[in-house]
1. For region B:244-263, name all the residues that are facing chain A (nearest Cβ under 8 Å) and either more than 21 Å from A:ALA402 (Cα to Cα) or open to solvent by 20 Å² or more (accessible area, probe 1.4 Å) (or both).
2. Would you please name the residue that is nearest to B:VAL239 (Cα to Cα), looking only at residues in region B:89-129 that are within 14 Å of chain A (Cβ to nearest Cβ), out of contact with any helix residue (DSSP H, G or I) (no Cβ under 7 Å at 6 or more places or on another chain) and open to solvent by less than 40 Å² (accessible area, probe 1.4 Å)?
3. Of the conditions (1) surrounded by 15 or more Cβ atoms within 10 Å (Cβ to Cβ); (2) more than 28 Å from A:GLN337 (Cβ to Cβ), A:LEU261 satisfies every one except a single condition; which number is it?
4. Could you check B:ARG222 against (1) modelled with pLDDT under 85; (2) within 14 Å of chain A (Cβ to nearest Cβ); (3) surrounded by 21 or more Cβ atoms within 10 Å (Cβ to Cβ) and say which number it fails?
5. When you scan region B:199-218, do you find a residue that is among the hydroxyl-bearing types (Ser, Thr, Tyr) and modelled with pLDDT of 85 or more, even just one?
6. What are the residues in region A:330-362 that are more than 21 Å from A:TRP130 (Cβ to Cβ), surrounded by fewer than 19 Cβ atoms within 10 Å (Cβ to Cβ) and hydrophobic (A, V, I, L, M, F, W, C), if any?
7. Kindly indicate which of A:SER237, A:SER248, A:SER227 is more than 14 Å from every other protein chain (Cβ to nearest Cβ) and at pLDDT below 90.
8. Mind listing whichever residues of region A:274-300 are in a helix (DSSP H, G or I), in contact (Cβ under 8 Å) with a residue 24 or more places away in the chain and either of a type in the set (Gly, Ala, Ser) or more than 8 Å from every other protein chain (Cβ to nearest Cβ) (or both)?
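The values are calculated or read from the model by the stated rules, or taken from the named source; none is laboratory data. If you're wondering where the values come from, they're calculated on a predicted model, not measured in any experiment. A quick note on method: Cβ atoms are made from the backbone with ideal geometry, for glycine too, and the neighbour counts reach across all protein chains shown. In case anyone asks, the SASA skips ligands and DNA or RNA and just uses the protein heavy atoms, side chains included. Shrake-Rupley method; radii C 1.70, N 1.55, O 1.52, S 1.80 Å.
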Amino acid sequence: MSRASDKTDEPPKWMSFRSLLVSSMLLRFFLIIYGEWQDAHMEVRYTDVDYIVFSDAASLMASGESPYKRTTYRYSPLLALLLVPNSIFHRSWGKFLFSASDLLVGLFIRMILKQRKVSEKVCTVSVMVWLLNPFTFTIGTRGNCEPIVCAMILWIIISLMKGNLSQAAFWYGLVVHFRVYPIIYALPIILVLDSKLFRSGHKPPLEDWTHTSSTEKRTFHLKSLFSRERIMFGLISGGVFLACNAVSFYFYGHEFLHEALLYHLTRTDPRHNFSIYFYHIYLHYERRFSAVEKLISFLPQFTVQLALVFCFSQDLVFTMFLQTVAFVAFNKVITAQYFVWFYCLLPLILPWSRMKMKWEGLLCIVLWIGAQSHWLLWGYMLEFKGLNVFLQLWLASLVFLAANTFVLVKIIQRHRFSPLFGQCVSSDRKNVTKLD
Amino acid sequence: MESSKRGRSVISAIFIFFALSCFNPISTTQVELSDSDTFCVSDHYIMQSYFTTNSSLDESEFRSFLRLQQCSENISNEDVPVVAMLQQRDITGEGSHRHLLTSIKLRSFNSQSQLHEVVIVERLPLGVFADPFELQSLQQRRAFRDVSVFGDTDLEQPSFRSNRSVVEIHVDVSETGEISVKLPLHARYQPIGESGYSRVEFGEPDLFLCSRLVPNEEHEQRRCLVLSIGRSKTETSSVVWEIPAGIRSHTEYVSVITFVAAVLSALSILVASVLSSKVESCKNTKQS
């Protein structure tokens, strides 16, 4: 996304954000209606199995029972609560809610990019990467709840950019209760709340897109780790997280703890999935793994997360994106819905990428999708043709990890480092005023 | 003297042998149920009644249990006993999701009789399972009159961690006395082996011809006639499903290569990050 070529900053009328939003809305509306038709008339359902699980859990909750009576319901009771109108109004209420969150993510992406003074054209193209991504619009319309999580994450970023610390902390505590994975963002968020730049209640200066970064690499002082902002963030988000869990535990007891929290932390699924670990787990399933083995398998994930955070933490959004891709790639279980977690952050880093679509960008896309399709081919042979292709499927998952690594490395190499909170506004390098 | 001693010991041995064979528990026709017997249950599902007092899926326990289910009033049997003929028994489809096809023809079936519902008790072998939610939606689409799964219905456990399950299907008999049932089944992950495939065998289901649940004196009762029971191990060729299973000999090198791959990827990302942030700080020191 080069800035030099933006002679015509105004995109054509048909490409305006408003028309983009309206057409995305219509597309999703149509897909939900179509989904209802397909469910009723065809053997293969459009609706995701998970949506039926949420709906059943919500109707159990509506009749006063525990949503965990529904087998395979492994989410916060909040989700079942949100879907209670499914049994009151219409069973598609949830799909409309998720698709609305999906559109909200598009809106938030635009807000964030505009705050950072990205040009209109680049901004609109970035938003299109989310709104017109086939994976994105099918996931909400099929009834998957990930768009809500993405909307919350982006709102946290917006709150931080506005200087609204307590709001950011509140939503962060809530999102970690909802879905455990955002805990990986705790460290970079804490690190970015540098008291030299971020004062609670004041809008921090934002490093904008037109400004070449000239910030000094900050030396990290242990004393400043316990700044007022950081402690406040930790306390508020921790408090919200514990409060949500306490309320859920009060209503649903141990079932909630086990299904919604512990399951995700200890999940080792031997059934085939994109993860390189699935065959290893399957072959060892008859005997339990020792603590040492579990630790060793966690080590690559842990080191990568730490390395990414300490190298890039000031550029918060970029760090979050890299962390999410790496987290998914090194996880013990990978399902396609996890990809949405980084798809929503991708448009936020594209304006800062020096990668050209021809041919590097295209190569990355082709390799990543190609590796996935290759895996899916072997998965089809195993599941629908009943052939023993476990070895080939496992090799395909290794290829997928290699593709993920390649794309990640390329993105890192082509990224123009840009801290979220920067020096004061001037775009003239000579007149940079430093904050005290 | 010696020959008479030997003769006596032979006779005692024969006597002991006969005495023992009288106590042989295999001949238990007096204790367990067999074809053409009747019994009554007070629940909608036979297995429901069974599981209120028993917990194992053992065949002979089930038959003993049914023998104890006496009917409160004795109704004379039909003149010509109904006989069930298994016409087709097959596994159709490919891959992990298949259908178990069962076709039965009832001979001497009287469509005016009170007994007009066939109950099929399908004992699923270890290694496959039926999805209760899928069966419920099939029931809504009138493929069966009633269906329920008993036993272990955990959809996610692999084979060696789960117990077996039983599916009870109720089907209305057509005018011609024919029944055809297509039960969707799914494969569990099999225990690892040497050959790469796990062999799952299906025997024959237990078949009963039952009446509707009718109020009878103190409680509701359902009268059932046994059509076929205890043939879970067939004498003829059984229906077989070969399910892919992990191969034990892969274990060592899969684990090693998996970890090596993880470490290599992690290292590449680590190196790229460190180099990139070094480049940035070099740029910054050049500019300032």
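1. Within region B:244-263, B:PRO244, B:ALA245, B:GLY246, B:ILE247, B:ARG248, B:HIS250, B:THR251, B:ILE257, B:PHE259, B:ALA261, B:VAL263 qualify.
2. Here the residue is B:ILE91.
3. (2)
4. (2)
5. Taking every residue of region B:199-218 in turn, none turns out to be among the hydroxyl-bearing types (Ser, Thr, Tyr) and modelled with pLDDT of 85 or more.
6. Answer for region A:330-362, where residues must be more than 21 Å from A:TRP130 (Cβ to Cβ), surrounded by fewer than 19 Cβ atoms within 10 Å (Cβ to Cβ) and hydrophobic (A, V, I, L, M, F, W, C): A:VAL333, A:TRP359.
7. So the residue among A:SER237, A:SER248, A:SER227 that is more than 14 Å from every other protein chain (Cβ to nearest Cβ) and at pLDDT below 90 is A:SER227.
8. A:PHE278, A:ILE281, A:SER297
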